[in-house]
1. Pull up all non-local amide H partners of residue 135: gap of 5 or more, or a different chain, and H-to-H distance under 5 Å with H placed in the peptide plane.
2. At a Förster radius of 25 Å, what calculated FRET efficiency corresponds to the Cβ-Cβ distance of residue 327 and residue 171, to the nearest 0.05?
3. Show the residues, 5+ positions off or on another chain, whose built amide H is closer than 5 Å to the amide H of residue 225.
4. Tell me, what ³J(HN,Hα) does each residue in segment 154-169 have, in order and in whole Hz, if you take phi through Karplus 6.51 cos²θ - 1.76 cosθ + 1.60 with θ = phi - 60° and put x for Gly and Pro?
5. For the pair residue 288 and residue 59, how long in nm is the line joining their label points, each one 7 Å along Cα→Cβ?
6. Order of 55-61, 197-203, 95-101 by packing, highest average Cβ count within 10 Å first?
7. Could I have the simple spin-label model distance between residue 144 and residue 335, label points 7 Å from Cα toward Cβ, reported in nm to one decimal?
8. Quote to one decimal, in nm, the extra length available between residue 130 and residue 52 on full extension: 0.36 nm per residue of separation minus the C-alpha distance between them.
Amino acid sequence: MTHSDYASAGVDIEAGNRAVAMIKAAVKSTYGPEVLGGIGSFGGMYDASVLKGMEAPVLVASTDGVGTKVKIAAQAGRYRSVGQDIVNHCINDILVQGARPLFFLDYFATSKLDPQILAEVVTGISDACRAASCALIGGETAEMPGVYAQGEFDIAGTIVGVLERESAMPRAGIGPGDVLIGISSSGLHTNGYSLVRKIFEGVPLEMIFPELGGSLAEALLVPHRSYYPLLYPVLSQIKALAHLTGGGFIENIPRVLPENVDAVIDRNSWTVPALFRLIQERAEVASDEMYRVFNMGIGMVAIVEKQNVEALQIVIPEETFIIGELVEGNCKVILR
């Protein structure tokens, strides 16, 4: 098959080459001295000797996607934020085990490659990696006509981090009397977008909603927040963290609970942001279902000993919320 035959089948190799040229500077901006080689190698290389100073290093890896938030980004023509989303989501997922990020790899797939769109996504990925001192050491760009509909794309990412074995979370001793501290989200993060797209079907993304303080697109495309710079320095004061992603409060908090413990959540302990109230009102979603699908304005939950709550809230440089406590039970979440 000749190059022209491949192009006629819908795959443009030259577009891929142009895209790589456009993202080189952004990707290299995430490199530290640990990164060996450069863009274009068959695999990314990371100097593992940086772990020699640790007593018992444990590598922690996670892979995730952004879900149907990419459809909102495509409709709005705003792509950089979903690049940030995928990195920050993965960073948070390994943070709950006590890990700091080392390196990241991304995957971008589409029906027909637009180098400018790829460049925007990868710039967002690079921005988030650089903010966390995480190297973007590789990735894959796939052009797959016939698999993706025209104009559609998807992104995914894999992160590798490290922790000292003795510092792994959740820690032992979680039990009744421990307190749940909620840290604010930056919006929907990356969850619930299939329901949101159904609720707002036919509503222009640029429509201004006064209660949101801007357009629907702006509210829906706020990047998923990274909690790494806020919480990593104070992990020693925390027993466990729950990242409120898909499954909200109901599914995620039990992932760090012992089998004989329940988490009781006081829904009046923080103010639910306007976007979640708007979603619930438009679709008449039951309250319990909202807490199963969405983060409701709390993106991360820390489990802390009662005597350490005040000290932790003082050292975290933003408002946090005492949203509940642990009691004897059966590894469930009770909403009150």
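1. Those qualifying (amide H under 5 Å, at least 5 residues apart or on another chain) are 103, 104.
2. Values: r = 19 Å, r/R0 = 0.76.
Efficiency, from the Cβ-Cβ distance: 0.85.
3. Amide H neighbours of residue 225, under 5 Å, 5+ apart: 186.
4. Residue by residue, segment 154-169 yields 9, 9, 8, x, 10, 10, 10, x, 9, 8, 7, 3, 5, 9, 4, 10 Hz.
5. 4.3 nm
6. Ranked from most to least packed, the peptides come out as 95-101, 55-61, 197-203.
7. 3.5 nm
8. Contour length minus the Cα-Cα distance gives 25.8 nm.
Rule-based calculations on the coordinates, nothing more; no lab input. Every value quoted in this text rests on a predicted model; they were computed, and no experiment measured them. Heads up, the Cβs are rebuilt from the backbone with ideal geometry, glycines too, and the neighbour counts pull from every protein chain shown.
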